[in-house]
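Comments concern the structure below.
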Amino acid sequence: MKKLIILSALGLTLTAGVNTARAQSTMPRIGIKAGANYMTLGKLETGGASYNYDYRFGFQGGLMADLPLATQLSFMPQVLYTQKGGNVKATVGNTTGEIRTRINYLDVPLLIGFKPSPEVTLFAGPQVAFLLSQASDTYVNGAATANTTSTDGLRKNAIGGNVGVGYNINNNVSLSGNYVFDFDKAANDNAAQSKAKNSGFALSLGYSF
């Protein structure tokens, strides 16, 4: 009889725990996230020649939300300050020129997350990038020769995509890795720069409340 009572109590405890976990998983949550990215602008075309941008590290951080739609589906919008851009270098004869470009955006990913398990989330969706500022530094043989912060030649917003995976370390802390890419070119309607588009990888740590 005592064993039956103990087993019944244990069963009730486990059932309550599962129900609590399910209730928590369907609760909307908001949080903050921050991390590093590794971005490029693709290709620069000028003077009839094409040059590949190298990747450069940047920062991203902002707000995130997890709004359950169903047992394993969530709407996961974010608002992120994101540093993008890239470095391009070319050598002609004895002269090496380099342009280091940093473009800052306010990214708004509108993601749908699928959760095959409580710890893992697969997500994908569109995002809109709103131009904030930019800085481009020009170097000739290693010496700085020019700097510009004008955004006149850049598109004010761009549509793109965002796909990745997240892992819940515990109930509050999560780690996510994703690939972002723009469908729109970074520059205004300029056929010579049709291949200059932001893309790259990001790794972030998040904290949900």
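Read the figures in this text as sums done on the coordinates, not as results from a lab. Please read all numbers here as calculations on a predicted model, not as lab measurements. Neighbour counts are summed over all protein chains in view; Cβ atoms, including those assigned to glycine, are modelled from backbone coordinates with ideal geometry.
Can you tell me which of LEU41, LEU69, LEU80 is of a type in the set (A, V, I, L, M) and over 16 Å from GLY200 (Cβ atoms)?
Being of a type in the set (A, V, I, L, M) and over 16 Å from GLY200 (Cβ atoms) holds for just one of LEU41, LEU69, LEU80, which is LEU69.
Scan the strands (runs of 3 or more DSSP E) fully inside segment 25-135 and keep the ones with 2 or more residues being over 30 Å from GLY153 (Cβ atoms).
Correct list: 29-46, 56-68, 73-92, 95-114.
Restricting segment 46-59 to residues that are without any contact (Cβ under 8 Å) to a residue 40 or more places away in the chain, of a type outside the set (S, T, N, Q) and over 17 Å from ASP107 (Cα atoms), which is surrounded by the fewest Cβ atoms within 10 Å (Cβ to Cβ)?
Per the criteria, the residue is GLY48.
Got a sec? Which of SER208, SER204, SER174 is small (Gly, Ala, Ser), under 14 Å from the mean Cα position of the chain (by Cα), under 23 Å from THR121 (Cα atoms) and surrounded by 14 or more Cβ atoms within 10 Å (Cβ to Cβ)?
It is SER204.
Considering only residues that are within 30 Å of GLY31 (Cβ to Cβ) and basic (Lys, Arg), look in segment 80-124 and name the one that is surrounded by the fewest Cβ atoms within 10 Å (Cβ to Cβ).
ARG102
Please count how many residues of segment 180-193 are loosely packed, with under 14 Cβ neighbours inside 10 Å and either assigned to a strand (DSSP E or B) or in contact with a strand residue (DSSP E or B) (Cβ under 6 Å, 6 or more places away or on another chain) (or both).
Result for segment 180-193: 2.
Applying the selection to segment 136-153, what residues are within 16 Å of GLY85 (Cα to Cα), polar (S, T, N, Q) and not in a strand (DSSP E or B)?
THR149, SER150, THR151
Go through segment 152-171 and give me each residue that's in contact (Cβ under 8 Å) with a residue 40 or more places away in the chain and not hydrophobic (A, V, I, L, M, F, W, C).
Result: ASN162, GLY164, GLY166, TYR167, ASN168, ASN171.
If the Cβ limit is 6 Å and pairs must be 6+ apart or interchain, which residue in segment 60-84 that is closer than 30 Å to THR40 by Cα pairs with which residue that is in a loop (DSSP other than H, G, I, E, B)?
So the pair list comes out as PHE75/LEU69.
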